[in-house]
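Written below as structure tokens is the structure these notes are about.
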Amino acid sequence: MTTTATPSAKHKINDSNLKRRYAAEFRFKLYGILAISVGLIFLALLLWSVISKGYTAFQQTEIKLDIEFSKSVIDPDDLAAEDPDVLLTANYPILAKDALAKYLGIDKKDKINLKMVNSMLSAGTRTQLRNMVVEDPSIIGTTQTVWVLASGNVDSVVKGQFSLEIDESRRPVKDQQVSWIQRMQKEGVLKKRFNTGIFIFGASSRPETAGIAAAMVGSLYMMLIVLVLALPIGVAASIYLEEFATKNRFTDLIEVNINNLAAVPSIVFGLLGLWAFINVAGLPRSASLVGGLVLTLMTLPTIIIATRSALKAVPPSIRTAALGLGASKMQMVFHHVLPLAAPGIMTGTIIGLAQALGETAPLLLIGMVAFVADVPTTPLDPATALPVQIFMWANEAERAFVERTSGAILILLGFLLIMNITAVILRKRFERRW
Amino acid sequence: MNISSLLLVLLALAVIGYAWGRKKSSATVQGHLSKLHSRLGYYGSYVALATFLPAVIVLMLWASVAPTIINNKLSGALPEELKQNTSDAERSLILNSIYSIATGLDLINEDEKNLINQDVANLQPILQQHGVVLASPGQTYMVDLATELNHWEKNTRNVQTVVVILIALAGLIASIATLKPSLRARNRVELVMLGALLLASMIAILTTVGIVLSMISETIHFFGMVPLHEFFFGTVWDPRFAAADNPDAVGQYGLIPLLAGTLYIALVAMLFAVPVGLYSAIYMAEYATPKVRSTVKPLLEVLAGIPTIVYGFFAMVTVGPFFRDLSSSLNNLATGEVMPFIQAQSVLTAGIVMGIMLIPFVSSLSDDIITAVPRSLRDGSLGLGATRSETMRKVILPAALPGVVGALLLTASRAIGETMIVVLAAGVAARLSLNPFEPMTTVTVKIVNQLTGDNEFTSPQTLVAFALGITLFTVTLALNVYALYIVRKYREQYD
């Protein structure tokens with residue numbers, strides 16, 4: 001009978017079919033694993049690329065010098081008592097240069113070597129020595145042991161960022177200087193020390209004296225403004241929409257609007273800020289106040305969406321119980337629902353703040369790309385922000401600036417990490433099952 | 001009194017009103033609080049609000065209207081021949097210097113004032129010493145007007161202080177007078193609170209209105225200088241120089257190359273991000289153990305939390321040079337030449353790096369949608385003997401398709417609006433090209449380019465940024481609205 005013959009044939013076909021299907025199943029699973037690996041590999045690559053380039057930014061080459069604060073250089077005509085400006089304008093770099101030349105045993109008439117000595121010191125020594133003298137004028141005439149900054153090129157040599165195999169005429173550090181560096185390193189006079197400068201200096205055209213202080217203060221002001229404005233407004237808006245608004249065309253419009261605002265490209269907010277705050281309201285360009293306002297508008301939708309879901313998560317029984325005991329609707333919201341929703345609102349706010357902290361594009365448009373060397377003291381002073389500082393450094397050609405950029409990125413990522421971990425901990429700690 | 005100290009005074013009055021209101025309503029019932037309609041605090045808040053709110057509203061209106069009135073009065077007071085013989089721009093310059101002189105006159109002392117009265121030439125150096133920089137030497141009439149301006153401003157400030165404080169006091173007295181046990185203080189206070197809540201939610205609408213207004217007003221200026229069709233259909237982007245055959249033009253503003261670059265880079269990014277993100281989501285939803293899922297998902301989401309400037313830097317110093325060196329060695333193997341055929345700044349670099357950024361968006365959104373497909377569909381398919389991949393491909397994905405498409409549209413709108421990655425990795429050359437190894441530029445890059453540096457809002461070179469902005473806004477808005485519509489419609493199917 002045909003029916004007895006076909007099962008085995010059919011079975012065979014099914015068998016190969018099954019193999020094919022299992023192979024397809026295996027492939028499908030493999031694609032999934034592959035896709036996840038690609039994502040994770042890129043994450044690792046990104047972090048590795050930034051960390052490997054950036055960790056050196058936290059160390060800076062410095063030179064230990066016995067500097068003679070000779071009166072004949074700082075205050076030759078003995079005028080400092082009447083005119084303190086003399087101390088500000090004195091020729092400090094020459095002190096450091098002489099000290100280094102003396103240490104290396106170079107004759108004062110050897111112009112070529114002196115020039116090379118000079119180029120090994122950072123221009124920041126001027127400010128460093130000046131501040132020492134202005135703070136304590138009694139050191140004039142004495143000899144002090146000071147760690148001064150080496151120039152960016154020396155720093156790059158010490159950190160091994162230069163290939164010394166290139167022809168001498170084509171690199172900024174000459175063989176003579178390299179031998180000095182090696183000698184000083186051996187004697188412990190020149191070494192890498194922890195770089196406090198990156199945290200306390202403002203913008204500078206020289207990598208060794210460039211820091212993120214101005215950017216950090218600017219970012220801090222902006223975060224404060226965002227927190228003070230976006231949190232109350234966002235929470236109030238969500239309370240209205242979630243608890244009070246009757247469902248009608250108007251509230252629907254507000255809702256669709258908020259969802260859309262969350263997806264509007266950030267640069268469009270920059271255009272809005274430029275027009276509304278600078279052009280129409282006449283606020284100063286580059287000020288952290290304007291940046292804060294723009295970021296507030298950007299962060300609002302995030303906070304509103306998070307707050308609404310936090311409010312939604314509070315069960316109706318709480319509301320009915322409050323109302324049943326005679327609370328008004330307003331009292332129910334502010335005395336019962338809002339405190340219970342607070343952890344959720346806080347996590348949402350922190351995440352919104354973290355987004356705002358990393359935002360760059362809108363700040364470029366309101367002029368925060370200014371070169372700001374002084375730390376701003378009020379939100380109306382010219383300021384810059386961490387991500388904008390990163391953007392500006394990224395466009396600098398010097399090798400040492402790549403290191404600074406990566407270092408600044410590490411600091412920014414550090415802040416974001418702290419904020420996100422706080423959000424996660426808050427969520428875990430206050431997570432509540434109803 | 002200036003506005004901030006006036007505000008402080010108002011706040012102090014409000015605090016006094018709060019305390020007074022509490023005390024008085026407690027006194028009227030001789031401490032039998034249950035006789036009051038509301039709790040004590042509400043009576044206090046009622047008085048405080050009645051003191052503070054009307055006064056602040058008047059203050060705000062005053063502060064926004066007064067400068068305009070003064071400005072009009074000032075331009076009316078300009079000498080007659082100036083009014084007739086100058087252009088608007090010149091007049092506004094003159095007004096500006098009068099304002100600066102007025103600020104300066106407030107800072108200087110009597111002796112210096114006398115010096116200026118003797119000779120106007122002294123004006124510029126003296127003001128300079130006090131940090132007020134004048135663009136041109138002052139004229140006598142300017143000093144006179146500035147003195148008068150200071151006078152007016154002082155007068156309005158004084159009147160403003162008196163009026164506002166009077167209103168606050170009136171509110172305080174009137175509300176105290178109306179306090180009685182049956183006053184429904186809580187309801188009134190809550191009404192004000194409700195108003196404040198409503199106001200807060202209006203800000204979202206105001207923001208959108210602001211965006212649209214800002215774009216439209218500047219874009220209209222722009223189209224006054226550059227014809228519409230040249231912008232939308234032009235194929236040459238060259239805002240600086242007039243074209244040879246059209247010397248009157250202020251440059252060429254063709255949108256097409258920018259739009260092409262934007263879409264091309266977004267396409268490359270999506271080609272990379274969609275398969276990776278989608279397969280990750282499928283694996284995590286279907287195959288991964290809870291442990292793997294709970295470690296891998298947050299790790300992938302880290303990618304979404306990294307600021308885009310970091311991606312831009314990564315593209316610029318790592319990915320771009322890597323592609324360039326790779327292509328150079330490949331070329332060396334094939335032809336023996338070391339010329340790289342991929343440039344460091346290219347569509348490919350920007351696209352791939354943007355793709356990495358987009359992976360978590362695709363995967364999170366699709367993950368939500370895939371897990372939202374009801375169990376019964378999956379169990380039915382598995383029960384009929386289908387393998388998991390067959391279930392996924394033939395049952396779950398088709399069911400989830402509208403949602404996934406919505407997610408992809410949202411992601412695409414993000415790719416189109418992304419700025420920092422393309423600013424650093426895509427280049428600034430606006431051209432039409434099909435070669436992904438060459439640099440192209442995008443709408444967002446050009447907005448940044450046109451607006452960084454000094455900007456005067458009178459030239460098409462800066463105004464074009466707003467025209468580009470409104471184009472970007474419209475495109476992304478359309479994508480978002482459509483995506484939200486699809487996602488919403490889909491969600492309703494299984495609710």
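Some points to look at:
- Between B:SER26 and A:LYS329, the FRET efficiency estimated from the beta carbon spacing at R0 = 22 angstrom works out to 0.25.
- Viscosity 1.306 mPa s, temperature 10 °C, Stokes-Einstein D of the stretch B:281-412 from Kirkwood C-alpha radius, µm²/s: 91 µm²/s
- Label point distance in nm, B:VAL481-B:SER92, each placed 7 Å from Cα along Cα→Cβ: 3.3 nm
- With contacts taken as Cα pairs under 8 Å and at least 6 residues apart, the stretch A:212-430 reaches a relative contact order of 32 percent.
- Projected over all directions and averaged, the alpha-carbon convex hull of the stretch B:238-490 occupies 18.3 nm².
- Here the gap between B:ALA177 and B:VAL292, fully extended at 0.36 nm per residue and compared with their Cα-Cα distance, gives a gain of 34.5 nm.
- The trypsin sites (Lys or Arg not before Pro) found in the stretch A:217-292 that occupy coil by DSSP, while having at most 12 further C-beta atoms within 10 Å, are A:LYS247.
- Within the stretch A:205-225, backbone nitrogen closer than 16 Å to the virtual label 7 Å beyond the Cα of A:ALA123 toward Cβ: A:205-211
- Computed FRET value (nearest 0.05) for B:LEU333 with A:ARG399, which takes r as the C-beta separation and R₀ as 25 Å: 0.25
- Taking the stretch B:238-490 and dividing mean pair separation by its residue count, relative contact order in percent (alpha carbons under 8 Å, at least six apart): 26 percent
- When the Gaussian network model of chain A links Cα atoms closer than 10 Å, the mean-square fluctuations of A:GLY291, A:GLY234, A:GLY414 top out at A:GLY414.
- Unit charges on C-beta of K, R, D, E only; dipole of chain A, Debye: 2720 debye
- Against chain B, whose longest principal axis comes from its Cα atoms, helix B:290-305 is set at around 50 degrees.
- Extent along the principal axes, Cα only, for the stretch B:109-152: 25, 23, 17 Å, with the longest axis given first.
- Relative contact order of chain B, defined on C-alpha pairs under 8 angstrom at six or more residues apart (%): 15 percent
- Note: chain B, Cα convex hull, 279 Å³ per residue.
- Straight-line cross-link reach from A:LYS312 at under 22 Å between alpha-carbon atoms covers these lysines, not counting any fewer than eight positions away in the same chain: A:LYS247, A:LYS329, A:LYS428, B:LYS489.
- Equivalent ellipsoid dimensions for the protein assembly as shown as semi-axes, Å, which come from the Cα gyration tensor, largest first: 51, 47, 31
- Nearest 10 degrees, 0 to 90: helix B:40-76 Cα axis against chain B principal axis: 90 degrees
- Ellipsoid semi-axes in whole angstrom, largest first, where each is sqrt(5λ) of the Cα gyration tensor of the stretch B:1-83: 46, 10, 7
- For the segment A:251-259, counting C-beta atoms of other chains within 10 Å of every residue's C-beta and taking the mean gives 4.
- Environment charge at A:MET332 (Cβ cut-off 9 Å; Lys +1, Arg +1, Asp -1, Glu -1): +1
- Three semi-axes of the equivalent ellipsoid, the stretch A:246-401, Cα gyration tensor, whole Å, largest first: 39, 17, 15
- Chain pair A, B: total accessible area buried, heavy atoms, 1.4 Å probe, Å²: 6700 Å²
- Extension gain (nm, one decimal) between A:LYS108 and A:ARG427, 0.36 nm per residue minus Cα-Cα: 108.1 nm
- Bins of 10 Å, starting at 0 and running to the largest distance - Cα pair percent for the stretch B:3-183: 9, 26, 20, 16, 12, 10, 6, 1
- Rounded accessible area per residue of the stretch A:147-256, 1.4 Å, Å²: 47 Å²
- Dipole-positive endmost among B:LEU149, B:LEU300, B:LEU434 within chain B (Cβ charges, Cα centre): B:LEU300
- This model, with +1 at the C-beta of Lys and Arg and -1 at the C-beta of Asp and Glu, gives the protein assembly as shown a dipole about its Cα centre of some 5220 debye.
- Tilt relative to chain B, helix B:347-372 - C-alpha long axis, 0 to 90 degrees, to 10: 90 degrees
- Residue with peak Gaussian network fluctuation, chain A [Cα springs, cutoff 10 Å], from A:GLU403, A:GLU255, A:GLU82: A:GLU82
- Accessible surface of the protein assembly as shown, 1.4 Å probe, proportion on carbon and sulfur as whole %: 62 percent
- Kirkwood Rh, Cα atoms: Rg over Rh of the stretch B:184-224: 1.41
- Between the beta carbons of B:HIS229 and B:ARG431, assuming R0 = 22 Å, the FRET efficiency works out to 0.60 to the nearest 0.05.
- When the charge dipole of the stretch A:176-254 is built from unit charges on Cβ atoms (+1 for Lys and Arg, -1 for Asp and Glu) and taken about the Cα centre, the candidate among A:ALA245, A:GLY188, A:LEU231 whose Cα reaches farthest toward its positive end is A:GLY188.
- Centroid-to-centroid separation of the stretch B:395-425 and the stretch A:192-217 [C-alpha atoms, Å]: 39 Å
- Of B:VAL319, B:THR371, B:MET357, farthest towards positive along the dipole that unit charges on Lys, Arg, Asp, Glu beta carbons give the stretch B:238-490: B:THR371
- Top of A:ALA423, A:ALA313, A:ALA287 by mean-square fluctuation, Gaussian network on chain A, Cα under 10 Å: A:ALA313
- Computed helical MRE - 222 nm, chain A, DSSP H runs ≥ 4 contributing -39500 (n - 2.57), nearest 500: -20000 deg cm²/dmol
- Counting only the Cα atoms, the stretch A:56-194 fills a convex hull of 114 Å³ per residue.
- Cα centroid separation, the stretch B:298-371 to the stretch B:127-183 (Å): 58 Å
- Peptides B:299-310, A:322-333 ranked from most to least packed by the mean count of surrounding Cβ atoms within 10 Å: B:299-310, A:322-333.
- Cross-link check: pairs A:LYS64/A:LYS186; A:LYS53/B:LYS446; A:LYS64/A:LYS97 evaluated at a Cα-Cα cut-off of 24 Å; pairs beyond the cut-off: A:LYS53/B:LYS446.
- Shielded by partner chains, the stretch A:34-80 residues - at least 50 Å² of accessible area, 1.4 Å probe, vs chain alone: A:ALA35, A:ILE36, A:LEU40, A:PHE42, A:LEU43, A:LEU46
- Computed from the Cα positions only, the extents of chain A along the three principal axes stand at 110, 80, 40 Å, in decreasing order.
- Counting only Cβ charges, +1 for Lys and Arg and -1 for Asp and Glu, the dipole size of chain B around its Cα centre is about 3140 debye.
The values are calculated or read from the model by the stated rules, or taken from the named source; none is laboratory data. None of these values were measured; they are calculated from a predicted model. No Cβ is skipped: glycine too gets one built from the backbone with ideal geometry, and neighbour counts run over all protein chains shown. Remember, those area values only see protein heavy atoms, side chains included, never the ligands or the DNA or RNA. Shrake-Rupley method; radii C 1.70, N 1.55, O 1.52, S 1.80 Å.
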